[in-house]
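Chemist: Below you'll find the structure I mean.
The values are calculated or read from the model by the stated rules, or taken from the named source; none is laboratory data. Note that the coordinates shown come from a computational prediction; the quantities given were computed from them, not determined experimentally. All Cβ positions, even for glycine, are placed from backbone atoms using ideal geometry, and neighbour counts span all protein chains on display. Only protein heavy atoms, including side chains, enter the accessible area calculation; ligands, DNA and RNA are left aside. Shrake-Rupley method; radii C 1.70, N 1.55, O 1.52, S 1.80 Å.
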Amino acid sequence: MFKSLNLTEKKEESAPEVAAEKVKCLIIGSGPAGYTAAIYAARANLAPVMYEGLQPGGQLTTTTEVENFPGYPQGVTGPVLMEDLKAQAARFGTDIRWGMATRADFSGSVHKVWIDDTHLIEAETVIIATGATAKYLGLEDEQKYAGGGVSACATCDGFFYRGKDVAVVGGGDTAAEEAMYLAGLCRKVYLIVRRDVLRASKVMAERVMKTPNIEVLWKHQTKGLFGDGVVEGATLVKNKGEANEEEVKIKIDGFFLAIGHQPNSEIFADYLDRDPVGYIKTVPGTSKTKVPGVFACGDVQDPHYRQAVTAAGSGCMAAIDAERYLMEKNN
Ligand code: NDP
């Protein structure tokens, strides 16, 4: 996870007087995309330097069992998977360091990135693998039941709720998609929507409404969760702020957040094209951004799939794109 910084504010501060370290390939971020990019870049002799960021290992370190990453027939825990990927990246000589990219300047032919506001790296190629952060409601109970029934990824964790009752919060395409995915596994899915309309596209909204085991709870907001160690239910408020406001309790085993993700791309905003949400735009079918020598992979550029295995695949693409860029540049 990478701290969002307002680049304009940072620019107004005096530039730190530090000697630059020159590297061939800088990888920012240490999720499946970053580690896979590192494995490929190291094996291609790009001597990659990787900065792990605030959450070494990325989002997967907050999940429990991962059963859909190919190659682990018995499943693997998120932290173990990331340790394996890290060990593989280190084995081929990736220089893995603790630190966070806090500022970038892609205006010149050499790309500048500041680590922790002090250490300046001048990189021939930069691979951005800073990921995205799922948004949470901000309830204390989300922390309390983390790993005990609260999840922000139905595709990752839905399987553990087969035959059970769950709730999904949100009214956008992600919430609709996750609700339908869970409806195929679970006995009942409550879709908790804060307004009386879905933001999701018409076709997705229609599919939700036609799915018999999805019950949409219109104009409901989540007040809290309850349960002995694990989620057993949620307390909701219906018609909040209106004369007919009332408290509602539902019995559920899983509580899924689907209120959006925030890609960690803020420090690159002045130099790269991003969509309105903040996802970095890449040339379709590649990891190339609009700045030559700067590549993006994983969730920071992927609003659609957001899976560990697709992130890993795009990390491989970024390393190959970086290698080819250097080859063409130096020939
Ligand atoms: P969106 O921003 O589109 O939707 C977020 C939803 O969460 C909204 O319904 C919003 O409610 C609700 N929400 C936000 N904050 C809260 C809160 N504090 N409490 C309760 N509800 C809240 O995010 P998505 O992740 O759904 O989608 C992001 C983008 O990705 C969109 O452009 C979407 O179309 C796209 N996408 C496309 C897919 C596809 O085409 N298959 C699949 C998934 C995503 P409100 O409506 O009231 O603001």
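Chemist: Given the options E242, E177, E83, state which has the largest fluctuation in a GNM of the chain using a 10 Å cut-off (strictly under) for Cα springs.
Modeler: E242
Chemist: Further, regarding this structure: FRET efficiency for R187 and E242, Cβ-Cβ distance as r, R0 = 30 Å, nearest 0.05? Could you put the intermediate results ahead of the total?
Modeler: Numbers: r = 31 Å, r/R0 = 1.04.
The formula returns an efficiency of 0.45 here.
Chemist: Averaged over all directions, how much area does the convex hull of the C-alpha atoms of the range 52-101 cover when projected, in nm²? Intermediate results must be reported in sequence, preceding the final value.
Modeler: On the way: hull surface 15.4 nm².
Mean projected area of the Cα convex hull: 3.9 nm².
Chemist: Divide by every residue of the chain the summed helix terms, -39500 (n - 2.57) for each DSSP H run of at least 4, and state the resulting mean residue ellipticity at 222 nm, rounded to the nearest 500 deg cm²/dmol.
Modeler: Working: 8 runs with 83 residues, N = 331.
My calculation for the chain gives -7500 deg cm²/dmol from helical runs alone.
Chemist: Pick from A20, A311, A89 the residue whose mean-square fluctuation is largest in a GNM of the chain, springs joining Cα atoms under 10 Å.
Modeler: Sorting by GNM fluctuation, first place goes to A20.
Chemist: Now, a different point. Going by a 4.7 Å Cβ-Cβ cut-off, which cysteines of the chain have no partner at all?
Modeler: Lacking a cysteine Cβ partner under 4.7 Å: C25, C186, C297, C316.
Chemist: Can I ask one more? Over the range 136-257, what is the relative contact order in whole percent, taking alpha-carbon pairs under 8 Å and six or more residues apart? Don't skip to the answer; put the middle values down first.
Modeler: Numbers: 261 pairs, mean separation 36.2, N = 122.
Normalised by residue count, the contact order of the range 136-257 is 30 percent.
Chemist: Given Cβ point charges of +1 (Lys, Arg) and -1 (Asp, Glu) and nothing else, what value in debye, to the nearest 20, does the dipole of the range 75-165 about its Cα centre take? Intermediate results must be reported in sequence, preceding the final value.
Modeler: Numbers: 9 positive and 13 negative charges, 46 e Å.
Roughly 220 debye for the range 75-165.
Chemist: Next up: Enumerate the calculated ³J(HN,Hα) couplings along the range 113-122 in order (Karplus 6.51 cos²θ - 1.76 cosθ + 1.60, θ = phi - 60°), each rounded to whole Hz, writing x wherever the residue is Gly or Pro.
Modeler: 9, 9, 9, 6, 6, 10, 6, 9, 10, 10
Chemist: Which is the longest stretch in the chain that no exposed loop site breaks, taking sites as trypsin sites (Lys or Arg not before Pro) with a DSSP loop state and at most 11 other Cβ atoms within 10 Å?
Modeler: Values: sites that count: R162, R195.
In short, 1-161.
Chemist: I would also like to ask the following. For Q262, what residues show an amide H to amide H distance below 5 Å, using hydrogens built from the backbone and excluding near sequence neighbours?
Modeler: Those lying under 5 Å, H to H, from Q262 are T133, A134, K135.
Chemist: A follow-up question, please. Within the chain, what percent of beta bridges assigned by DSSP are antiparallel, to the nearest 5? Mind dumping the intermediate values first?
Modeler: Values: 28 of 61 bridges.
Antiparallel bridges make up about 45 percent of those DSSP assigns within the chain.
Chemist: I would also like to ask the following. Once ligands and nucleic acids are excluded and a 1.4 Å probe is used, how much of H261 is accessible, expressed in Å² to the nearest 10?
Modeler: Surface accessible to solvent at H261 totals approximately 30 Å².
Chemist: Could you quote the convex hull projected area for the range 136-257, Cα atoms only and averaged over all directions, in nm²?
Modeler: Values: hull surface 27.8 nm².
Mean projected area of the Cα convex hull: 7.0 nm².
Chemist: Which length gain, in nm to one decimal place, applies between K135 and K223 when the Cα-Cα distance is subtracted from 0.36 nm times their residue separation? Please report the intermediate quantities before stating the final value.
Modeler: On the way: separation 88, 0.36 × 88 = 31.68 nm, distance 1.63 nm.
Full-extension gain reported as 30.0 nm.
Chemist: Enumerate the lysines that K144 could reach by cross-link, defined here as Cα to Cα under 28 Å, with residues fewer than 8 away along the same chain left out.
Modeler: Here the lysines satisfying the reach criterion relative to K144 are K3, K135, K164, K188, K219, K223, K238, K240, K249, K251.
Chemist: Most fluctuating residue of P73, P303, P56 in a GNM of the chain with Cα springs under 10 Å: which is it?
Modeler: P73
Chemist: Taking the chain on its own, what percent of its Cα-Cα pair distances exceed 26 Å? Walk me through the intermediate numbers first.
Modeler: Working: 27824 of 54615 pairs.
Percentage above 26 Å: 51.
Chemist: Taking H placed 1.01 Å from N in the peptide plane, check which residues at least 5 places from D165 or on another chain put their amide H under 5 Å from its amide H.
Modeler: Amide H to amide H, under 5 Å and 5 or more residues apart or across chains, D165 pairs with R187, K188, D253.
Chemist: Moving on to the next point. Hey, which aspartates and glutamates would be in cross-link range of K86, C-alpha to C-alpha under 16 Å, not counting anything within fewer than 8 residues on its own chain?
Modeler: Cα-Cα hits under 16 Å: E52, D95.
Chemist: Okay, moving on. Where Rh denotes the Kirkwood radius from the mean inverse Cα pair distance, what is Rg over Rh for the range 215-258? Each step should come with its number before you reach the end.
Modeler: Working: Rg = 11.1 Å, Rh = 11.1 Å.
Radius of gyration relative to Kirkwood radius: 1.00.
Chemist: Using 0.36 nm per residue, how much length does the chain from W98 to D84 gain when fully extended, once their Cα-Cα distance is taken away? Don't jump to the answer; show the numbers that get you there.
Modeler: Values: separation 14, 0.36 × 14 = 5.04 nm, distance 1.75 nm.
Full extension of this stretch gives 3.3 nm more.
Chemist: For the chain, what is the charge dipole size about the Cα centre, in debye to the nearest 20, if Lys and Arg each add +1 at the Cβ and Asp and Glu each add -1 at the Cβ?
Modeler: Values: 36 positive and 43 negative charges, 148 e Å.
Using only the charged Cβ atoms, the result is roughly 720 debye.
Chemist: Over the Cα atoms of the range 68-161, each weighted equally, I'd like the Debye log10 I(q)/I(0) at q = 0.17, 0.19 Å⁻¹, rounded to two decimals.
Modeler: Taken in order of the listed q values, log10 I(q)/I(0) reads -1.03, -1.09.
Chemist: How many angstrom lie between the C-alpha centres of the range 254-331 and the range 89-114?
Modeler: 15
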